[in-house]
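Just below is one structure, and these are the notes that go with it.
The values are calculated or read from the model by the stated rules, or taken from the named source; none is laboratory data. The model shown is predicted, which means the values in this text are computed figures rather than measured ones. Here the Cβ is made from the backbone with ideal geometry for all residues, glycine too, and neighbour counts use every protein chain on show. We work out accessible area using only protein heavy atoms, side chains counted, and drop any ligands, DNA or RNA first. Shrake-Rupley method; radii C 1.70, N 1.55, O 1.52, S 1.80 Å.
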Amino acid sequence: MNKPPVTSKNIKITKSLYTAWISGFFFPLHEKLKKHTSVIMRRQLEESQWWDNARLQDLQLTKLRDFLIHVQTHVLYYRHLFLEIGFDPVNVHSLADLTSLPFLTKSVIRRNIGGLKSDSARYLTRYNTGGSSGEPLVFFIGKGRTSHDIAAKWRATRWWGVDIGDPEIVIWGSPIELGAQDRLRNLRDRMMRTKLLPAFEMSEQKIDGFLAEIRAKRPRMLFGYPSALSHIARYAKTHGIRMDDLGIQAAFVTSERLYDDQRQQISTVFNCPVANGYGGRDAGFIAHECPEGGMHISAEDIIVEIIDAQGTPLPPGESGEIVVTHLATHDFPFIRYKTGDMGILHDKPCACGRGLPLIREIQGRSTDFVVAQDGTVMHGLALIYILRDLPQIEAFKIIQESLNETHIYLVTKTTLDQQVRLQIERAFKARLGHAVTIVIKQVAHIPAEKSGKFRYVVSKVADR
């Protein structure tokens, strides 16, 4: 029997004695030894989430001013920048004053990586992301930023009635996590009842093994890429492997756009709600979904702007690029950082009663949008739906090589006949332009990205 709809009003955290010991003693001790302040920070976040918007904005303004003063004093790049443009953080009297500062881009970080490090920073950890271009972005994260990310994720996990120490299966592909699985971390994960499964390979043999692990562990929560979890769910359904009787409370997904059919697939097969999360290793954990469906920004430490192509801030309800200022990045500042993601802010409160502002829609990366020959920009969903409706197709990937050529890679149940090929070609040309060359290639397998993520649409058109 399916569970009733999950809301904040009917959720309670039911802990076993073991979970209570992990979340109340072992994990706090673990965080203290790592010099993290995530435990006290999570308690503060659970109080401030109920503040009204005005009080949260006052908190943001105070933190922003202090943050910018610190950055001016300790970060060479911003000390020179503030002097050059005549910016004095002492005179910041509203969040709108932030728009006086230029955007931080990946290219700026690459050119100024040394100058962006605070001279007061200690215990910095080096990270990098591959990026859509394949050129890695190298940056650094300090203890304060890490503590915030842990606390924000922890708070959101508890919204769904689960806690650190509850059994968890993680389907992940980042080499950072997978490469760090040494003996000490394996011991920690066993104590915290977390099992990490690599998302790089999704062969039938691997998926059979994943499903057996999930059934044996009977986790209270799943965590992973939406593409990976939905692929596993689809396989289970196709092969008649029952997964709806395990008592899973929630499936947390992040790091990719969550499509409606993926949410439905995961929710139906595992008989649990799907909780979306938005963020990145560079920009931090930006927003988390609550049981009422609100995508809440972690506003205590994160300011989100939406900008148009000219860099002008847009009001709620209008689509543009997501720009993030992370107020816990004193050691390596992210100020007005252009994420490359597209989204829309919400100006309505959430039914859950939290005062945290909302992102109404996260539309994906700018490279998830395609450009027609006449210059029309559209989301890749316009092309995805063409293929998703065809029963012969099991998997696909669309790469817009240029305004004049688009490649479609298809994994099919049988060889496509000429009529279906023409149907696909006509539908793509109707959206992209009748002069566009559509190249259809049938392949045995479509690999994921190096990170383990999967992208349905990639546009290489630079002028958007």
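Worth pointing out:
- Anisotropy class of the range 96-162 from Cα gyration tensor, a/c 1.5 cut: prolate
- Cα gyration tensor, the range 383-433 - rounded (a/c under 1.5), prolate or oblate: prolate
- For the chain, relative contact order (Cα pairs under 8 Å, six or more residues apart, normalised by length) works out to 15 percent.
- Relative to the current alpha-carbon distance between Gln419 and His239, full extension at 0.36 nm per residue lengthens the span by 61.8 nm.
- Rounded to 5, the percent of DSSP beta bridges in the chain classed as antiparallel: 60 percent
- Cα gyration tensor shape for the range 301-366, rounded if a/c is under 1.5, else prolate or oblate: oblate
- Local electrostatic count at Phe103 - Lys and Arg +1, Asp and Glu -1, tallied over other residues with Cβ under 12 Å: +1
- Computed over protein heavy atoms with a 1.4 angstrom probe, the accessible surface ordering of Tyr337, Tyr77, Tyr18, largest first, is Tyr18, Tyr77, Tyr337.
- Farthest toward the positive end of the dipole of the chain, out of His93, Leu104, Val443, is the Cα of Val443, where the dipole comes from beta carbon charges about the Cα centre.
- Taking other residues whose beta carbon is less than 15 angstrom from the beta carbon of Arg218, and scoring Lys, Arg as +1 and Asp, Glu as -1, yields +1.
- Under a model in which nothing but the beta-carbon of Lys, Arg (+1) and Asp, Glu (-1) is charged, the range 217-299 shows a dipole of about 360 debye around its Cα centre.
- If only the Cβ of Lys and Arg carry +1 and only the Cβ of Asp and Glu carry -1, the dipole of the chain around its Cα centre is close to 1420 debye.
- Each helix, a run of at least 4 DSSP H residues, gives -39500 (n - 2.57); summed and divided by the residues of the chain, these come to -10000 deg cm²/dmol at 222 nm.
- Nitroxide proxy distance, nm - points 7 Å out along Cα→Cβ at Thr62 and Thr99: 2.6 nm
- Signed unit charges on C-beta, dipole axis of the chain, positive-most listed residue Thr376, Leu422, Met41: Met41
- Within-15-Å neighbourhood charge of Pro313 [Cβ basis; K, R +1; D, E -1]: -4
- This structure gives Cα extents along the principal axes in Å, computed directly, and of [x] 89, 50, 42; [y] 68, 58, 43; [z] 81, 74, 33 that value is listed as [y].
- Given Lys63/Lys153; Lys15/Lys237; Lys35/Lys153; Lys397/Lys429, the pairs whose alpha carbons are separated by over 24 Å: Lys15/Lys237
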